[in-house]
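Report on one structure; see the data block that follows.
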């Protein structure tokens, strides 16, 4: 997998947008960027993925820079239930596995 | 639409014993991957099953083995349990075996080895 770098932790106020950055400067042209989150002691939850264009679904938006070396996951209106570890992953096309780093612990405060 | 299910939820074993964990994939998915998550760490890939065969394996000893059935469900077996095998075991399913096929995770099985 392409190496990804994320901040260890971030705080966000409830109701505000949470912007989680990820650096993936070694990503190849055909490798997607995936975002998962894991609430304490639960299985990871798929959030969103993208290749080049920005993506949006009911959970979040994904902004990928034009050079594809970094991306930002946006939770538009964070709630207390969004407190979790967020993982950014860029799996190799020929590689079946997901390689999880340490992720970013997002804490949403009331 | 049922998601990925795993059983049992929790399990306690003693050193040297053997354990079998089970996973039913999301409807329509034919590929199952297994991960181990130790406390405070991210999930680590164990292996993946597709078409009833092990397609790729992570850095885990042969004590870890698996099986996929014709209905795509899967089992993870661990022999000669060690204290260090205590972890959350996660199953993920996908439409296919490629890393571009989104993997969806189950709730996990918490294994405690005493």
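The strands (runs of 3 or more DSSP E) found entirely in the range B:1-45 that carry 3 or more residues being crowded, with 20+ Cβ neighbours inside 10 Å and under 12 Å from the mean Cα position of the chain (by Cα) are B:19-24, B:31-37. Say whether the condition of being more than 19 Å from residue A:45 (Cα to Cα) and surrounded by 17 or more Cβ atoms within 10 Å (Cβ to Cβ) is met by at least one residue in the range B:98-112. Yes, because at least one residue in the range B:98-112 is more than 19 Å from residue A:45 (Cα to Cα) and surrounded by 17 or more Cβ atoms within 10 Å (Cβ to Cβ).
Residue-wise test of (1) in contact with a helix residue (DSSP H, G or I) (Cβ under 9 Å, 6 or more places away or on another chain); (2) within 26 Å of residue A:101 (Cα to Cα); (3) within 13 Å of chain A (Cβ to nearest Cβ).
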{"site": "B:3", "(1), (2), (3)": "no, yes, yes"}
{"site": "B:59", "(1), (2), (3)": "no, yes, yes"}
{"site": "B:73", "(1), (2), (3)": "no, no, no"}
{"site": "B:78", "(1), (2), (3)": "yes, yes, no"}
{"site": "B:87", "(1), (2), (3)": "no, yes, yes"}
{"site": "B:110", "(1), (2), (3)": "no, yes, yes"}
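All of (1) surrounded by fewer than 21 Cβ atoms within 10 Å (Cβ to Cβ); (2) part of a strand (DSSP E or B); (3) facing another protein chain (nearest Cβ under 10 Å) hold for residue A:34 with one exception: (1).
The residues in the range B:19-41 that are over 16 Å from residue B:87 (Cβ atoms) and either in contact with a helix residue (DSSP H, G or I) (Cβ under 7 Å, 6 or more places away or on another chain) or in contact (Cβ under 8 Å) with a residue 40 or more places away in the chain (or both) can be counted, and the count is 9.
Every read-out reported here was derived from the displayed coordinates using simple, explicitly stated rules and does not represent laboratory data. Keep in mind the model is a prediction, meaning the values are calculated, not measured. Neighbour counts run over all protein chains shown; Cβ positions are idealised from the backbone, glycine included.
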